[in-house]
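Beneath this line is the structure, given in structure tokens, with notes to follow.
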Amino acid sequence: MFPKGNLAVTCWVWRSMRKLFLFLFLLLFHAAHLEGRKDNQFIWKPGPWGRCAGDCGAGGVQTRALWCFHFDGWTSHLSNCDESSRPPKERSCFRVCDWHRDLFHWEVSDWHHCALAPATPGHAGPRTAECVTAQHGLQHRTGRCVQRWNGTVVANEICEHFAPQPPTEQACLIPCPRDCVVSEFSQWSTCSKGCGKQLQHRTRVAIAPPLYGGSQCPNLTESRICDAPISCPLGEEEYTFSLKVGPWSKCRLPHLKEVNLNGRPVLDLSSDSKERVTSRHQSYKPHHHAKPWDIEIGYQTRQVWCTRSDGKNAMLSLCTRDSFPLTVQSCVMPKDCETSQWSSWGPCSKTCRSGSLSPGFRSRSRNVKHVAVGGGKGCPELLEKQACIAEGGLLQPCPRYSWRTSEWKECQVSLLLEQQDPHWHESGPVCGGGIQTREVYCAQSTPASTAQRTKEVFRPVDKTLCLGPAPAASQLCSTPCSTDCVVSSWSAWGLCIHEHCHDPQGRKGFRMRQRQVLMESMGPAGHCPHLVESVPCDDPMCYRWLTSEGICIPDHGKCGLGHRILKAVCQNDRGEDVSGTLCPAAPPPERMACEIPCRMDCVVSEWTEWSSCSQSCSNKNSDGKQTRSRTILALAGEGGKPCPPSQALQEYRSCNDHSCMQLYWETSPWGPCSEDTLITALNATIGWNGEATCGVGIQTRKVFCVKSHVGQVMTKRCPDSTRPETMRPCHLPCKKDCVVTAFSEWTPCPRLCKSGNATTRQSRYRIINQEAANGGRECPDTLFEERECEEVSLCPIYRWRPQKWSPCVLVPESVRQGIMSTSEACGKGVQTRAVSCISDDNESAEMAECLKQANSMPPLVQECTVPCRDDCTFTAWSKFTPCSTNCETTRSRRRQLTGKSRKKEKCQDADIYPLVETEPCPCDVFTSQPYGNWSDCILPESRRDPQRGLRVQGDSKQCGQGVRLQARACSDKSGRPVDPSLCGSSGKEMHEG
């Protein structure tokens with residue numbers, strides 16, 4: 001037995017050792033785990049692929065960076081990652097170059113049907129909102145990058161190098177679903193009196209079909225068993241019978257034992273001769289005897305059977321009464337289109353060297369030997385192109401072409417006015433929005449070194465040689481409308497002063513008033529009125545004393561009588577302070593008496609300023625007056641000084657006592673800027689560096705003295721000090737010579753031959769780049785030249801030459817007897833003919849020549865009918881009678897019975913064999929709708945101002961009732977514009993206003 005103390009120590013040691021062993025075990029386990037993960041704690045992480053570099057096409061190379069990452073996120077040396085799992089650092093790629101633009105393009109499909117847009121996140125589930133007008137939807141389409149020549153799909157990155165991928169999704173609207181609407185059921189049909197189960201029916205019709213996903217129509221028919229059916233004796237049940245017709249079988253040739261050896265002639269279309277070839281058994285040739293391109297006539301069959309209402313088959317006689325559907329018919333054995341071998345490749349279209357390495361193209365062709373018949377496979381492509389690179393190190397550099405433009409022409413406002421009003425004609429200056437145009441042409445680019453040495457002259461070339469979009473040839477512009485100046489009101493009349501204060505003479509002077517320009521005039525016809533007016537006056541003074549009053553200072557105490565200190569200053573006519581010796585009068589006194597009211601005195605205010613003059617001038621009936629006033633501020637107290645009478649609170653004085661005949665200077669518009677010999681010499685001395693006579697010129701105008709209400713008077717009546725300038729310097733614009741391009745190359749003449757309607761003349765042209773201006777050299781008269789081509793022979797004309805139709809080939813007699821149980825050779829068949837290509841001199845030619853020139857090839861096969869003994873025979877239908885212009889008329893055609901059919905009773909039934917056919921006349925539906933905005937209000941010619949001709953902003957001389965016009969476009973049912981007369985209109989709509 002252990003003591004209790006030793007036992008406690010032993011337990012404690014045991015527990016401590018157990019914890020230590022557990023810790024060591026976990027440590028070893030973790031170390032083993034880390035040792036196992038040592039190889040997996042580093043991973044490869046590649047970067048994005050870089051741009052494709054290297055040679056154009058499939059020889060490009062793409063690279064990317066690789067990093068070795070620890071699983072904790074930090075980078076490490078590449079050697080720590082497993083080399084066996086290293087991702088590739090390079091890969092081959094297709095390097096896109098600029099010349100690939102001609103080889104690849106985006107191909108997009110048509111937009112699919114508009115489908116309801118999916119519910120937005122957070123609003124899952126069916127839509128419960130009721131549709132009012134339309135619902136939002138989405139429609140999609142596919143887009144892919146393909147080669148132009150063979151349609152092979154390539155990576156989208158190739159086309160994205162030139163243009164972004166077209167959108168493949170767009171929003172659309174779906175009209176609200178419209179359910180099917182049906183009528184009420186009809187009455188139940190009556191039950192027959194026969195035995196067995198009888199059915200009665202009732203029907204209803206669809207009034208409106210379902211649209212835009214609406215509910216489908218319910219059943220339109222219902223049936224039920226009649227009440228109290230009568231049992232039928234055994235074998236006398238009543239059934240309904242229906243005829244079933246199967247599809248036609250493939251066309252096949254009969255076996256030799258089925259061939260009718262009757263020697264029927266057929267056409268051998270593989271022969272080069274134009275004669276009909278007759279041989280036995282050619283109607284149905286065995287395969288090993290037929291030539292490769294004989295048109296072979298076979299036959300095809302179909303099944304016809306009769307079914308009973310209980311699903312069982314029945315005799316055909318129970319389903320057919322009068323007519324029986326065909327079960328066998330003649331047909332043409334299918335033959336595919338046959339072409340010749342490919343020709344050798346033509347030369348490369350590119351024979352020069354370009355920096356972009358863009359390739360040329362070469363082509364090869366093949367001809368049609370035989371067209372497809374009987375539903376055979378159509379002809380493949382007859383022309384094939386492929387890119388090519390011209391070989392040789394001595395190739396000349398390819399010329400470069402770029403778009404060139406002439407300078408913009410003047411803004412034409414009349415073009416828009418003529419569109420709005422066809423009857424409008426220009427009769428004066430017009431302003432507002434217009435159109436200006438310029439010539440856009442393609443020209444060969446000149447190297448920079450050459451362009452610096454020589455003056456660049458471009459030659460127009462074919463516009464297809466320039467890549468990229470052409471610059472705009474027109475743009476909107478605006479011609480500013482002329483507006484007059486906006487001026488302020490007149491100032492007060494000034495004092496009477498000498499005309500020349502520096503040299504005063506006589507006792508006559510002038511009083512003047514002025515106004516200011518608040519807004520300058522605009523446009524060539526803008527005008528500013530005179531700004532200064534004057535009237536003569538007597539006793540002018542150039543210098544006057546101007547006094548200012550101080551405050552009133554009492555002589556004794558704080559109120560009562562006192563004095564004011566007056567300060568006088570001598571001023572000239574411009575309001576400037578001058579010496580007092582210049583003022584002719586003595587200076588005013590320095591003191592002036594005044595009074596300050598005492599506590600009980602009446603208190604009045606100071607005098608107000610003099611009011612403006614009641615009249616600007618004086619006439620016989622009235623003079624101008626000015627007033628000023630003062631008011632009582634406090635009444636007098638007991639013993640104080642009383643207030644002045646009311647008449648003493650207001651004062652009057654005369655003003656503007658001069659005549660109403662004002663004088664002012666009027667000027668004519670400035671003339672054109674012209675060359676002045678003195679200034680030209682000055683320009684030469686200072687070394688004016690201009691190509692033409694650029695520099696400073698002179699503008700002049702006339703000045704008149706005008707008396708109001710009288711007109712022009714002598715110039716000495718107006719003050720010379722305010723006389724406007726009659727001459728001013730101006731910028732003399734440089735002379736601009738007309739600049740034209742070189743003549744383009746002559747248009748090509750026909751190389752080998754010319755067609756019947758082709759032109760035999762060639763032409764060339766040149767374009768005005770810059771119009772002459774300011775006296776520069778004018779443009780040449782000849783911008784277009786034309787000349788005759790040398791003698792060129794006419795191209796041969798090719799046409800189709802069809803042979804006569806062969807006799808009608810029917811189904812072989814053995815087949816007809818075996819299937820139709822008849823030996824009469826009649827019914828539907830097939831007939832053939834040969835069609836050859838000949839020239840205008842009746843020589844044989846390749847079929848490809850006719851396919852190029854003539855219309856589609858005439859048919860080689862057609863259906864025919866051999867009448868049976870019991871058939872009704874007719875003449876051919878006549879032509880339809882002509883139609884009138886009215887859309888509601890009809891046209892008809894006729895035929896007649898022939899031979900014995902005229903006496904047969906069944907042929908007289910017009911319902912089955914009509915002799916007259918009537919149909920509505922074809923009618924083109926034209927729609928008229930407004931196009932563009934309403935024009936401005938246009939006055940009749942008699943109401944227009946002859947000075948202006950058209951309303952201009954600021955011109956208020958036109959008013960009254962006019963008309964506004966709006967164009968109306970007439971279009972057919974396809975939306976194409978047509979002559980407005982087809983819509984019964986003149987092309988415009990008029991509205992009086």
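The values are calculated or read from the model by the stated rules, or taken from the named source; none is laboratory data. In this text, all values refer to a predicted model and were calculated from it rather than measured experimentally. Here Cβ is always computed from backbone atoms with ideal geometry, including for glycine, and neighbour counts include all displayed protein chains. These accessible areas exclude ligands, DNA and RNA; they are computed on the full protein's heavy atoms, side chains included. Shrake-Rupley method; radii C 1.70, N 1.55, O 1.52, S 1.80 Å.
Of note:
- Prolate/oblate/rounded call for region 79-119, Cα gyration tensor, a/c under 1.5 rounded: oblate
- Shape class of region 795-880 from the Cα gyration tensor (axes a ≥ b ≥ c, square roots of the eigenvalues): prolate, since a/c reaches 1.5 or more and a/b is larger than b/c.
- Whole-percent carbon and sulfur share, accessible surface of region 40-95, 1.4 Å: 51 percent
- Its relative contact order, with pairs defined as Cα atoms under 8 Å and 6+ residues apart, puts region 40-95 at 44 percent.
- Once Rg and the Kirkwood radius are both taken over the C-alpha atoms of region 40-95, their ratio Rg/Rh works out to 1.12.
- Relative frequency of Cα-Cα separations exceeding 21 Å in region 728-849, percent: 72 percent
- Accessible area in square angstrom per residue, region 453-603, 1.4 angstrom probe: 68 Å²
- For region 40-95, size of Cβ-based charge dipole, Lys and Arg +1, Asp and Glu -1, in debye: 240 debye
- Accessible surface for T405 stands near 50 Å², nearest 10, in the context of the full protein assembly shown (1.4 Å probe).
- For region 40-95, the solvent-accessible area with a 1.4 angstrom probe is 67 square angstrom per residue.
- Efficiency of FRET from Cβ geometry, K852 and C921, R₀ 45 Å, rounded to 0.05: 0.75
- Charge tally for W67 (other residues, Cβ to Cβ under 15 Å; Lys, Arg +1; Asp, Glu -1): +1.
- Using a probe of 1.4 angstrom and keeping all protein chains present, the accessible surface of region 795-880 works out to 57 square angstrom per residue.
- Between T221 and R364, the contour length at 0.36 nm per residue exceeds the alpha carbon distance by 45.1 nm.
- Label-to-label distance for R599 and T351 is 12.7 nm, based on points extended 7 Å past Cα in the beta-carbon direction.
- FRET efficiency estimate (nearest 0.05) - Cβ-Cβ, A773 to R717, R0 30 angstrom: 0.10
- Taking region 694-797 and dividing mean pair separation by its residue count, relative contact order in percent (alpha carbons under 8 Å, at least six apart): 27 percent
- Separation of alpha-carbon centers, region 131-156 and region 861-892, rounded to whole Å: 47 Å
- With R₀ set to 41 Å, the beta-carbon distance separating T700 from Y652 gives a calculated FRET efficiency near 0.25.
- Rounded percent of accessible protein surface that carbon and sulfur make up, region 795-880, 1.4 Å probe: 48 percent
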